[in-house]
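J.: Here it is: the structure, laid out below.
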Amino acid sequence: MEVITEGVNSLNIIDSSSSAKKNRIQVSSTKKPLFFYVNLAKRYMQQHSEVELSALGMVANILMPAQSCNFISFRIDIYITSTAIATVVTIAEILKNNGLAVEKRITTTTVDMREETGGRPVSKAKIEIMLGKSETFDELMAAAAEEAIDNEEQS
């Protein structure tokens, strides 16, 4: 019994809800402007050396009605490019093209979600892009900070 007590006492309990994904940015195309997310990603890379950009899109289900008795109705799933997904890709490209970030991982999936309680599941496209600091990140950020100070002094 003492062995079990010692084992329980030596357990290290981690609250996964508070420690998981502190460097994740969930992007919405309607809530904040593009450069809010770009600047937030820079700040996260300064703090954590990497940042994960994440967004959800939509999958539209279109039911094509029968035109006549000779045709059968059918459903077509069309994957719509979500503006939030496009925003995530744009943020990643801005950071990469400015030499601040390197791509580490890109993951795409679809997730089933219920938009209303008791409603039927709706498929949503999901993208996650993990970016890491480039080798020149710190120098580029220091140069940008210096330039901002110079511009303030001139005004």
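The values are calculated or read from the model by the stated rules, or taken from the named source; none is laboratory data. Keep in mind the model is a prediction, meaning the values are calculated, not measured. So basically every Cβ, Gly included, is an ideal-geometry build from the backbone, and we count neighbours across all protein chains shown.
J.: Filtering region 30-72 down to residues that are part of a loop (DSSP other than H, G, I, E, B) and either aliphatic (A, V, I, L, M) or surrounded by 17 or more Cβ atoms within 10 Å (Cβ to Cβ) (or both), which residue is modelled with the lowest pLDDT?
T.: Among those that are part of a loop (DSSP other than H, G, I, E, B) and either aliphatic (A, V, I, L, M) or surrounded by 17 or more Cβ atoms within 10 Å (Cβ to Cβ) (or both), it is 66.
J.: Tell me, which residue of region 107-134 that is small (Gly, Ala, Ser) and part of a strand (DSSP E or B) is surrounded by the most Cβ atoms within 10 Å (Cβ to Cβ)? Please lay out each step first, then the result.
T.: Restricting attention to region 107-134, the residues satisfying the condition of being small (Gly, Ala, Ser) are 118-119, 123, 125, 132, 134.
Those left that are additionally part of a strand (DSSP E or B): 123, 125, 132.
Values: 123: 16, 125: 19, 132: 15.
Looking at the filtered set, the residue picked out is 125.
J.: Looking only at residues that are touching a residue at least 12 places away in the same chain (Cβ under 8 Å) and either in a helix (DSSP H, G or I) or surrounded by 15 or more Cβ atoms within 10 Å (Cβ to Cβ) (or both) in region 135-155, which one is nearest to the chain's Cα centre (by Cα)?
T.: 137
J.: Looking only at region 76-91, filter to residues that are modelled with pLDDT under 90 and of a type in the set (Ser, Thr, Tyr); which one of those is nearest to residue 36 (Cα to Cα)?
T.: Taking the candidates together, the pick is 83.
J.: So, one more: Output yes when any residue across region 115-134 is free of Cβ contacts under 8 Å to residues at least 40 places away in the same chain and touching a Ser or Thr at 6+ places or on another chain (Cβ under 6 Å), and no when none is. It would help to see each step written out before you state the result.
T.: First pass over region 115-134, keeping only residues free of Cβ contacts under 8 Å to residues at least 40 places away in the same chain: 115-121, 134.
Still in the running and touching a Ser or Thr at 6+ places or on another chain (Cβ under 6 Å): none.
No, there is no match, as no residue in region 115-134 is free of Cβ contacts under 8 Å to residues at least 40 places away in the same chain and touching a Ser or Thr at 6+ places or on another chain (Cβ under 6 Å).
J.: Among 96, 104, which is surrounded by 14 or more Cβ atoms within 10 Å (Cβ to Cβ), touching a strand residue (DSSP E or B) at 6+ places or on another chain (Cβ under 8 Å) and among the charged types (D, E, K, R)?
T.: Of the residues listed, the single one that is surrounded by 14 or more Cβ atoms within 10 Å (Cβ to Cβ), touching a strand residue (DSSP E or B) at 6+ places or on another chain (Cβ under 8 Å) and among the charged types (D, E, K, R) is 96.
J.: Provide a single number: the residues in region 101-127 that are closer than 23 Å to residue 22 by Cβ and either among the small types (Gly, Ala, Ser) or touching an Asp or Glu at 6+ places or on another chain (Cβ under 6 Å) (or both).
T.: So the count comes out to 2.
J.: If I filter region 91-149 down to residues being touching a Gly at 6+ places or on another chain (Cβ under 7 Å) and of a type outside the set (Lys, Arg), which single residue comes out as nearest to residue 58 (Cα to Cα)?
T.: 125
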